[in-house]
């Protein structure tokens, strides 16, 4: 039986659990920090000494922790890229710009258990010799910013932040910075630009890898809220113990944001890969199944930018059975919810947001909605994404407003094909084109049928096909 | 800017390690490091390697003298690097060549550094497809009205459309509409619909001109170049953004809709507005000048020039130009005037003649005057002309050829020091003949109102003692100038001269760089190039023949003037040669 495994969410929904520091301390809060600060230099077999910081970093590497923001990149590896010889200060930024549609996990932590994040940040900063860190919080979360600022003040009052933390000689301060409401600020280099007070244009890589040339051209670590919380638990449990959670190469727990037409939408923490998509949707402890009388149509497994799965889709996956590599056919619903299986199935777990669509959903309308979001959020820096995202959105708007053509399905894919695959500066190019590519590929008949119906209606009304959309796009025509 | 000129005199920098890369299968050797827009050595990029291989990689946002932005995506190329085995050693092909691991993702040439053994592919079908994709994206919301666009003929979007565009558009949606004819500043107009958002203008004004005046407002496809609300795009370098704008988005208010560019004749010249001597191209048609644009010379101005210098050409076309040879106020001919002047000069006793030569004259003309000066034992000087400078291009010295006047001996280290002596000589009656070239001695200062009339040039001529009363005492006053002035009214002989655009010659700039310029248009009326009639006069007075061509004259001068020894007209090339000053 799949079960929730509450590591990060352990206390925060319990009755009487409050976001203040006294409550956090009553539940063993900041013990992990005390443990981290008490680590002694260790002698290594080769005669060298491992500093406490190196020991924590090694433990995080050992834990196999992968970034919870979207890309699933190894946290230990990310930390190992940091240029520690430049002599410049190292910054750590907590990416709390949770804005991928369908995702609502970080805000639970920030609103209900902010000290868990702060403790994770202090330990991560200590492990990376960071003296100044920032929490970049989404502009639409004013309450979260308020709570974090209050929590930071409480931590400062208890000398958990500031000069000489708990007598250890280590100094650190953390500031909260509120975004102004742009999706692209969740892209780490866009976030850094925004934090520097500039327009959040993602930076070109090379040369601006944050680990070397990040905030103010200094080495910078950008980690997601959930990732930083995990660091606290790695220190508490030890990296080896943490790695036993989940499945190999997909360790630890993840908070899944489940939304759409299920009976029990919400956030559920599971051991990574220990529940399948089907279980997350249908099991009574998770989604509890679809609304009565409805059948599953599609699932977006990792936030709106992830490629969609069609109900009944089957994938051939390489699996280890009794130590041997075997190719198995797996139904979409039987895919374990982890990083690697979803990549192997051609999509991704992204920000671990599952969006469920039943047979009442008009798939063309759904894609039009997603596309409009990305057209609105494209920063407009580089050509393919700037022009392509709006083009696709305009086409879908036309298709959902009675001005479609049969050929629009192919037309959309051709537009989308010009955007991803390293043609853009950041991954937004993929984010805006993958939904279009996958929706049209998997539900092509619906797109064609809609366009054909429009053509037929126009023919009956003896209206010549128009070459330009007559539909006023008021919602997009307004400049922001 | 002038860093390259400075480095010319420094010892050669240590040799830069070279590495081998292949561009479309052809192996070339390129330096591991190359200068970035500030001149700092940074890893060489793929686009610099393809440039070295003479392979054209289309681009919009990349400009060698600006920080790299990487936003247009036109320079995407495919590449591969030598494959490494599990032992981190290169994997070899059966034929012994290193196996190349092709990157699954393309990379932008402008920002990706090269590495030894790298192979760059610029002609593969997928590179072509990517360029077509980018171009289509740029065109969907771009007005397709080239026939009425001022950029037509020098537009990168047009040029690359020929290479990578489709004959018909498949775009059936409504275009994004943006503001047109936006008054960005006193000299710049913006058509936001034509803008492809390459941000060259933003980077130029922020990082080169040092005026963070431009930015982008709105999001996504609605992005628009703008100034901060209420502020104008107004510094002395704004017109460079028109040059570097790859499309017709930014246009010069002075030039827009005046002339189709394909009708223009381009002549290599030098700006005369200050001692910097920025290299320019004069665009003219049918004896009319339409614009100056900077001509790239890394030793002087790079690819830039100031707005003041760029717009300082309208005086050449003024209706009231001096067009006639005047002898005692009456219209006469060159033959009469020159023979009369020669006779008077031949009879003049030593010490009775003074020459005021302008530091706006060419090296050749100043040298010819120095021949007269030597023969007549005359006293000479030039008039200092000073204005505001900046730390980029504009020099405080508003004379284009101060160093030429010094090197030919017509003036001295402290220019203008002899003017009061000349005044005193006239007052005492010792100096009876005065030859004035290109200067209005009665213009002592310029009022604020008049400054504005002079199209952004601000110049103040320093005070000297030569007054109208003194000019009236002279037996003979010979004046050569281009525009009518107060001094000419007192002149017995007025010799109409030429603007630099109407003749050939050379100037020596503030760093001692000798730069030649070519003739763009014909002189007005009877006006003749000064070197041309001076040559006649010198022959009449000294009996020594010179050369009838500017080439011969320059080479003769180079033999005679120590600082110019070894120079030849041909050897100056397009970018000039620096001499010791």
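The values are calculated or read from the model by the stated rules, or taken from the named source; none is laboratory data. All values reported here derive from a predicted model rather than from experimental measurement. Counting neighbours? That spans all protein chains shown, and the Cβs are built from the backbone with ideal geometry, glycine included.
Descriptive notes on the structure:
- Once the range B:201-214 is narrowed to residues that are more than 25 Å from residue A:390 (Cβ to Cβ) and in contact with a helix residue (DSSP H, G or I) (Cβ under 7 Å, 6 or more places away or on another chain), the residue that is surrounded by the fewest Cβ atoms within 10 Å (Cβ to Cβ) is B:212.
- Filtered residue count, the range A:36-50, keeping only those that are in contact with a helix residue (DSSP H, G or I) (Cβ under 9 Å, 6 or more places away or on another chain) and either exposed (fewer than 15 other Cβ atoms within 10 Å of the Cβ) or free of Cβ contacts under 8 Å to residues at least 40 places away in the same chain (or both): 6
- A single entry from B:526, B:511 fulfils the requirement of being in the same structural domain as residue B:375 (by TED's automatic domain parsing), closer than 26 Å to residue B:274 by Cβ and not in a helix (DSSP H, G or I): B:511.
- Unique residue being within 20 Å of residue A:73 (Cβ to Cβ), surrounded by fewer than 24 Cβ atoms within 10 Å (Cβ to Cβ), touching a strand residue (DSSP E or B) at 6+ places or on another chain (Cβ under 9 Å) and not assigned by TED's automatic domain parsing to the domain that holds residue A:409 when the list is A:346, A:260: A:346
- Selected residue [modelled with pLDDT of 95 or more, within 25 Å of residue B:291 (Cα to Cα) and over 27 Å from the mean Cα position of the chain (by Cα)] from B:192, B:213: B:192
- Tally, over the range A:398-413, of residues that are facing another protein chain (nearest Cβ under 8 Å) and out of contact with any helix residue (DSSP H, G or I) (no Cβ under 7 Å at 6 or more places or on another chain): 1
- For the range B:388-414, the set of residues classified as surrounded by 15 or more Cβ atoms within 10 Å (Cβ to Cβ), touching a strand residue (DSSP E or B) at 6+ places or on another chain (Cβ under 7 Å) and in a loop (DSSP other than H, G, I, E, B) consists of B:398, B:399, B:400, B:401, B:410, B:411, listed by residue number.
- Search result, residues across the range B:215-229 that are assigned to a loop (DSSP other than H, G, I, E, B), in contact (Cβ under 8 Å) with a residue 12 or more places away in the chain and buried (at least 18 other Cβ atoms within 10 Å of the Cβ): B:223
- Options A:124, A:86; residue that is in the same structural domain as residue A:230 (by TED's automatic domain parsing) and assigned to a loop (DSSP other than H, G, I, E, B): A:86
- Members of the range B:152-165 found to be assigned to a loop (DSSP other than H, G, I, E, B) and in contact with a helix residue (DSSP H, G or I) (Cβ under 7 Å, 6 or more places away or on another chain), listed by number: B:152, B:153, B:154, B:165
- Test: residue in the range A:435-444 that is at the interface with chain B (Cβ under 10 Å from one of its Cβ atoms) and either buried (at least 18 other Cβ atoms within 10 Å of the Cβ) or over 25 Å from the mean Cα position of the chain (by Cα) (or both): no
- Any hit, the range A:448-470, residues being closer than 18 Å to residue B:130 by Cα and within 9 Å of another protein chain (Cβ to nearest Cβ): no
- Residues in the range B:137-151 that are touching a helix residue (DSSP H, G or I) at 6+ places or on another chain (Cβ under 8 Å) and either without any contact (Cβ under 8 Å) to a residue 40 or more places away in the chain or in a helix (DSSP H, G or I) (or both) were compared, and the one that is nearest to the other protein chains (Cβ to nearest Cβ) is B:137.
- Within the range A:379-397, restricting attention to residues that are free of Cβ contacts under 8 Å to residues at least 12 places away in the same chain and under 23 Å from the mean Cα position of the chain (by Cα), the residue that is nearest to the other protein chains (Cβ to nearest Cβ) is A:380.
- Among (1) within 14 Å of chain B (Cβ to nearest Cβ); (2) surrounded by fewer than 24 Cβ atoms within 10 Å (Cβ to Cβ); (3) more than 20 Å from the chain's Cα centre (by Cα), the one test that residue A:376 misses: (3)
- The number of residues in the range B:232-253 that are within 15 Å of residue B:156 (Cα to Cα) and either assigned to a loop (DSSP other than H, G, I, E, B) or over 19 Å from the mean Cα position of the chain (by Cα) (or both) comes to 6.
- Looking only at residues of the range A:125-158 that are within 21 Å of residue A:89 (Cα to Cα) and in contact (Cβ under 8 Å) with a residue 60 or more places away in the chain, we find that the one that is surrounded by the fewest Cβ atoms within 10 Å (Cβ to Cβ) is A:129.
- Candidates in the range B:99-128 are the residues that are in a loop (DSSP other than H, G, I, E, B) and free of Cβ contacts under 8 Å to residues at least 40 places away in the same chain; of these, the one that is farthest from the other protein chains (Cβ to nearest Cβ) is B:99.
- Restricting the range A:193-208 to residues that are surrounded by fewer than 17 Cβ atoms within 10 Å (Cβ to Cβ) and more than 10 Å from every other protein chain (Cβ to nearest Cβ), the residue that is nearest to residue A:92 (Cα to Cα): A:196
- Considering each residue of the range B:65-83 in turn, none proves to be in a loop (DSSP other than H, G, I, E, B), out of contact with any strand residue (DSSP E or B) (no Cβ under 7 Å at 6 or more places or on another chain) and modelled with pLDDT under 95.
- Each residue in the range B:175-189 was checked for being surrounded by fewer than 18 Cβ atoms within 10 Å (Cβ to Cβ), within 14 Å of another protein chain (Cβ to nearest Cβ) and either out of contact with any strand residue (DSSP E or B) (no Cβ under 8 Å at 6 or more places or on another chain) or at pLDDT below 95 (or both), and 2 pass.
- Among the residues of this structure, residue A:337 counts as one that is buried (at least 21 other Cβ atoms within 10 Å of the Cβ) and more than 10 Å from chain B (Cβ to nearest Cβ).
- For residue A:174: the one exception among (1) outside any helix (DSSP H, G or I); (2) within 14 Å of another protein chain (Cβ to nearest Cβ): (2)
- For the range B:194-214, the tally of residues that are in a loop (DSSP other than H, G, I, E, B) and under 16 Å from residue B:72 (Cα atoms) stands at 6.
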